[in-house]
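Nothing in this text is a laboratory measurement; each read-out follows from the coordinates by a stated rule. If you're wondering where the values come from, they're calculated on a predicted model, not measured in any experiment. Because the Cβ atoms are built from the backbone with ideal geometry, glycine has one as well, and the counts that use them run over all protein chains shown.
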Amino acid sequence: MNKSLLTCTALLVLSFNEAFSQTNLLLNDSLIGFDEKTLIDEAPYKGITTEEMSFYIAAHRRDFIKQKYHLKIANAPEFDYSQLSKTSAAACVNEDFEEGSLTSPVPGTINIVSTNAINGWTAWGATNSSGGTNGNCTNPYTFGAPNPIQLIAPGPGGLIDGLIGSGYKIHSVFGNNLNTAATAQNGFNCYGDWFAKINSQVNGSSVNRLTKTINVTPANVYFNFAVLVVMEGSHGCCDGGSVSIIFRDCLGNLLATAQQYSIAGTPSCATSSSITILTSTVSPTWKYSTWSNSSIDLTPWMGQCVVAQFTAYDCTYTGHAGYAYVDAQCAPVVVNGVNTIINHAIYKLYPNPNAGNFSIEIGKEVVNGEFELRNMLGQLVNRQNVKQGNNFIKTENLPKGIY
């Protein structure tokens, strides 16, 4: 019995050590059958750099040994989505990151160094250096403090990303005040000052994630989000620089009818049809997109808790980077006279709450538009015509209350 136990222990130690070492390989060791020469010959066609080669070989050796001996390596703890449900987020607090102006001037940058540094969001950081050939798709990361995640308010001139260039300047998409320059550039109304940057252009092995927990109510049944990705084209779909956008319930299950996005710098990898990947003119090995504005209808999860998850990954061999810019907005459901559900994202009402006078800004052309204001009993207290653009609503003579 003791002899069998010692033999088994020696095998496990050998498997672990040989996965990371190229020396002292005996003729009858655990790597018999491992075709390292072919792997090295194929490396240039997979975008493996000289600096990445040791990580690349080690990852494939580890996979070979695990398959050969049917080993199951202890995984890192799974991401605990149940903890996110404890966050009170029914009002979709600070989903547009505009609270950054409460602590920092514009223009400005806020470096996020702790998980709860962004009100209404949770920021996470991890490493994927041991992820191997499939790490960015399946690796159960051990998350800790973010590094790097930033909140950025570039000011009226916009942010010039060094890998996109000055031809496309990055502005906030969601917020309070209309940004005419950003609106003209993107072809849809853009507002506010602040947005988030997840990960960076510095290659390594970092993974960074922002999560937003939403307790779905009629007040936030639409989750509108914008994403801009920048990735160094490399490797395959699961080991290169990439960005993912995933929606789950608070038990960790994927939302069945919600689109999930996986965006990689490799042209053969699948991506959303709404996100067009372009080649950088600054550095042709890099890919990027302009702001892509999307919306998810959370009506099927009314009364439940869901999590929006934005993740940016470096490649698993440390030689290529991936990062993203993110902005978001929650919006209520509106039912008109023919029971048509309308996304609030096409208009903005501000200020809210107010003392009776406010404005409604409508971003799309409307025909015979009409505004109605009702009290909590459903009684009509104000009606007036509205059109595309800014419409001033004057109701200061109404009694105080909720309308």
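With a cut-off of 9 Å between beta carbons, the residues surrounding F223 carry a summed charge of -1, where Lys and Arg count +1 and Asp and Glu -1. Distant-in-sequence amide contacts of T127, defined by a placed amide H-H separation under 5 Å and a gap of 5 or more residues or a different chain, comprise T142, V207.
For the stretch 157-173, backbone phi angles converted through the Karplus equation (6.51, -1.76, 1.60; θ = phi - 60°) give residue-by-residue couplings of x, x, 8, 9, 6, x, 9, 9, x, 6, x, 9, 9, 9, 10, 5, 9 Hz, Gly and Pro being listed as x. Take the Cα of N119, step 7 Å toward its Cβ, do the same at L102, and the gap between the two points is 0.1 nm.
Among the listed pairs K364/K394; K37/K66; K364/K400; K348/K400, those with a Cα-Cα distance over 27 Å are K364/K400. One decimal place: the segment L349-V93 gains 90.5 nm when fully extended, by the rule 0.36 nm per residue minus the C-alpha distance. Taking Cβ atoms as reference points and 11 Å as the exclusive limit, the residues near D193 contribute a net charge of -4, counting Lys and Arg as +1 and Asp and Glu as -1. For the stretch 212-222, 3J(HN,Hα) computed residue by residue from phi via the Karplus equation (6.51, -1.76, 1.60; θ = phi - 60°) reads 10, 9, 10, 8, 6, 9, x, 7, 9, 6, 9 Hz, glycine and proline entered as x. Highest average first, the peptides 100-112, 228-240 ordered by how many other beta carbon atoms sit within 10 Å of their residues are 228-240, 100-112.
Seen from I110, the other residues with C-beta closer than 15 Å to its C-beta sum to a net charge of -4, counting Lys and Arg as +1 and Asp and Glu as -1.
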